[in-house]
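What follows is one structure encoded as C-alpha cells, with my remarks underneath.
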C-alpha cells in the first residue's frame with residue numbers, strides 16, 4: 001500500500017514538469033509582452049528593446065525556461081500588475097476562502113447526491129427517480145452564473161434569508177489564525193463567526209454545487225443500477241444475507257468506485273469554476289481576484305492561477321487514486 | 001425414484017415474464033419434479049429451455065416485478081412444510097443460505113471483487129449460525145479446507161481475483177454448504193472451468209451429497225455431467241419436461257426424439273474417424289407454442305401431423321415406471337448411446353463444449 005502511494009506520488013513529477021512546459025509556451029505566445037504593459041504608450045522602440053533585454057527576454061528559450069522553473073520552485077511567481085504585491089502572497093490571503101467555498105460545494109454535492117442517486121436507482125421508474133433524473137438534467141444545463149444570480153436575487157435580496165455578498169458580515173470581530181474562517185472559529189470557539197461564515201457560504205456553495213451534484217446523482221444512480229444486476233449481488237441474496245448487508249457491503253461499496261473518481265475530477269474543476277460564483281457574490285476568494293486579473297491582463301496572476309489549479313487537480317487525483325486503491329483491491333495488485 | 005417422502009416437491013411450476021410490448025414469455029411451463037435426500041436430480045436442456053429460471057424461482061431470486069410464478073414447491077424440514085413459492089420475502093431470506101443454497105455458474109462474477117473471501121464466507125455464518133469474530137474465521141477456514149482449498153487461513157485474507165477459477169468455485173461451494181442446507185441447487189457449476197477442474201468439482205459435489213444427505217438439483221446442458229452425477233434426470237425443452245427418467249434407462253433407452261438428438265450430438269470415442277456429428281436441426285427459437293402441439297416438432301426428425309394435435313401429454317414409457325416422455329411418436333431402442341458417456345463424464349463434457 002505504502003509502495004503504491006510512493007510510486008503514485010513520484011508519478012506527479014513528470015506530470016507537473018509537462019505542465020510547466022505548456023505554461024511556459026503559453027506565456028511565450030501571449031500577444032503584447034511586458035514591454036507594452038510596463039512602458040507608457042509613447043515609449044520608443046529602443047526603450048522597449050532595452051527593457052526586453054534587461055528582463056532577460058532576449059536570451060535563449062531554454063535559459064528562460066530554466067529560470068522560469070527555478071522561480072516557481074522557489075515560490076516566486078512574480079508581482080501582480082494590479083496590486084504590485086507578490087502573486088504568491090495574493091493567493092495566500094485569498095485561497096482559504098476559495099477552499100472553504102469549494103469544500104462546501106463538494107460536501108453539499110456528495111451528501112445530497114449519493115443518497116439521492118442511490119434512492120433513485122432503488123426506486124427506478126418511480127416519482128423520486130423521475131425527479132432526480134429530471135432535476136439533475138436541469139442542474140447540468142443551468143449555467144452556474146445564472147443560478148448564482150437567481151439564488152442571490154431570490155434568497156438574499158427578496159427573502160433576505162441569506163446574506164448576498166462577502167465572506168463575513170462587516171464589523172464582525174474574529175481571531176485570525178489561518179485564514180480559514182470556519183476552522184479558526186471552531187478552534188477559538190467563536191461560534192457566532194462559524195455561523196456567520198456558514199450563512200455566507202450557503203448560497204455560493206449551493207450555486208457552485210449544482211453541476212457536481214447533478215453529475216454525482218446521475219453517476220451514483222447509473223452505477224447502483226449496474227451493480228444491482230451483478231452476479232455477486234445475486235450471490236449475496238442467495239446467501240440469505242439481511243438487506244442492509246447486501247446493500248452496504250455488496251451494492252454500495254462497488255457502486256462507489258466510479259463515483260469516487262468523478263468526485264475527484266469534479267472537486268478539481270470547482271476551484272476553476274469558483275471564478276464566476278465568487279464574482280457574483282463578491283466573495284473575496286481567488287476566483288474574483290483572477291476574474292479581475294483577466295480584465296487587466298495581469299499575466300503573473302493568471303500564470304499563478306493556472307499553476308495553482310493544476311496542482312490542486314493533480315493532488316486531488318492522487319487522493320482519488322489512493323482512496324480508489326483502498327476501495328478496490330484489484331488496483332493495488334497492478 | 002426413492003420411496004421416501006421427497007424433501008422438495010415441485011408441482012406444475014410455471015414462470016411467466018410480462019414482456020413489455022412484446023407479449024408475455026412463458027419461460028417455465030408446468031415443470032414437476034422431486035428432490036430427495038442424498039440424491040442428485042438433473043435438469044438438462046439447451047440455453048433458454050427454462051432450467052436457470054426454474055432454479056431462481058425456487059430460490060425466490062427472480063426479479064420482484066414483471067414475473068408471475070405458478071404451481072408449488074413444498075419443502076419439508078422436520079415436521080414442517082413450506083411452499084417456497086408462497087413464503088414471505090423475509091421467511092425466504094431466512095431459508096436461503098441455511099436450508100436452501102445455490103452454487104452459480106461463473107465463480108468470478110459471482111464473488112464480490114472488493115470483499116475478501118473470508119468475509120464472504122463468515123458473513124453467511126454470522127447471518128444464519130450467529131458465529132462472529134475468531135469463531136467465524138475458524139469455521140470459515142475449516143469450510144475452505146473441507147472443499148479442498150489448501151492453506152485456507154491465507155486464502156481467507158485474499159480477494160477473488162487472487163484465486164484460480166477452480167478455487168473460486170470451491171469457495172462458492174464452501175459458502176453454499178456453510179450452514180448444511182437440506183437442498184442445494186447448482187446452476188452449471190462447471191461450465192466456466194477447465195476439464196480436470198470440472199471433474200474435481202463434480203467429485204466434491206458428489207461427496208458432499210453423500211456425506212450430508214443433501215438433495216442436489218443439478219442444472220446443466222452437459223450430458224457428460226449428467227451421466228456422471230445425476231440419479232434422476234429431467235430433460236427440459238421450451239419450459240416443459242419432455243423426458244424424465246432415472247439415469248440408466250435415460251441413457252440406455254431414450255425415448256423422446258429431443259433426448260435422442262442431444263445424445264446423438266455428443267462425439268463418440270468409438271466412432272470412425274471423420275464421421276460427422278449429428279446436431280439437432282435449427283435452434284431453440286424455432287418453437288411452436290405448446291398449446292398448438294409439440295414445441296420441438298419444427299426441429300424433430302420423427303414429426304408427423306399428430307404432433308400438431310394439441311399439447312402432448314407426459315406419458316409413462318414402456319421401459320419402466322419412473323420413465324416418462326412427452327411425445328406422440330417416441331423413439332424405440334435408439335442406438336445412440338456410447339457406453340463411454342456413462343463412464344467418463346468430464347471428457348465428454350469438454351468435447352461437447354468445443355463441438
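Bear in mind these aren't lab numbers, they're just calculated from the coordinates by the rules spelled out. Keep in mind the model is a prediction, meaning the values are calculated, not measured. Cβ sites come from the backbone with ideal geometry, for glycine too, and all protein chains shown count toward neighbours.
Gaussian network model of chain A, Cα springs within a sub-10 Å range: biggest mean-square fluctuation belongs to which of A:288, A:54, A:223?
So, out of A:288, A:54, A:223, the one fluctuating most is A:54.
What angle do you read, to the nearest 10 degrees and between 0 and 90, between the alpha-carbon axis of helix A:191-228 and the longest principal axis of chain A?
60
Fewest to most neighbouring Cβ within 10 Å: what's the order for A:247, B:170?
By the 10 Å Cβ count, ascending: A:247, B:170.
Counting pairs of alpha carbon atoms under 8 Å apart in space and at least six apart in sequence, what relative contact order in percent does chain B give?
19
Where a ≥ b ≥ c are the square roots of the eigenvalues of the C-alpha gyration tensor, would you call chain B rounded, which needs a/c under 1.5, or, failing that, prolate if a/b is larger than b/c, or oblate?
prolate
Of the listed peptides B:124-136, A:256-268, what is their order by residue-averaged count of other C-beta atoms within 10 Å, with the highest listed first?
In decreasing order of mean packing, B:124-136, A:256-268 become A:256-268, B:124-136.
Give me the inter-chain shielding for B:151-163: mean count of other chain Cβ atoms within 10 Å, whole number please.
Counting Cβ atoms of other protein chains within 10 Å of each residue's Cβ and averaging gives 1.
Mind running the shape call on segment B:256-327? Use the C-alpha gyration tensor, a ≥ b ≥ c as the square roots of the eigenvalues: rounded below 1.5 for a/c, prolate if a/b tops b/c, oblate otherwise.
Note, shape of segment B:256-327 comes out oblate.
Which whole-number percentage describes the relative contact order of chain A, with Cα contacts under 8 Å and a sequence gap of 6 or more?
Once normalised by length, the contact order is 23 percent.
Is there a simple number for the mean count of other chain Cβ atoms within 10 Å of the Cβ of residues in B:61-70, and what is it?
Counting other chains' Cβ atoms within 10 Å and averaging over B:61-70 gives 1.
Could you state the number of Å between the C-alpha centres of segment A:226-275 and segment B:271-302?
Value for the Cα centre distance between the two parts: 45 Å.
How far is helix B:117-129 tilted off the main Cα axis of chain B, in degrees rounded to 10, range 0 to 90?
Once rounded, the angle reads 90 degrees.
Going by the alpha-carbon gyration tensor, a ≥ b ≥ c the square roots of its eigenvalues, is segment B:206-321 rounded (a/c under 1.5) or, if a/c is not under 1.5, prolate (a/b greater than b/c) versus oblate?
It is oblate, given that a/c is not under 1.5 and a/b is not larger than b/c.
If you take each beta carbon of peptide B:111-121 and count the beta carbons of other chains within 10 angstrom, what is the mean?
5
So if we plug the beta-carbon distance of residue A:11 and residue B:281 into 1/(1 + (r/R0)^6) with R0 = 56 Å, what FRET efficiency do we get, rounded to 0.05?
It comes out at approximately 0.40.
On a 0 to 90 degree scale, rounded to 10, what angle separates helix B:165-177 from the longest Cα axis of chain B?
That helix lies at roughly 80 degrees to the long axis.
Looking at chain B as a GNM with Cα springs under 10 Å, which of B:198, B:309, B:105 has the largest mean-square fluctuation?
Between B:198, B:309, B:105, it is B:309 that shows the largest mean-square fluctuation.
Using a Gaussian network for chain A with springs between C-alpha atoms less than 10 Å apart, which of these wobbles most: A:252, A:101, A:208?
Between A:252, A:101, A:208, it is A:252 that shows the largest mean-square fluctuation.
For segment A:85-136 and segment A:1-45, what is the centre-to-centre distance using only Cα atoms, to the nearest Å?
30
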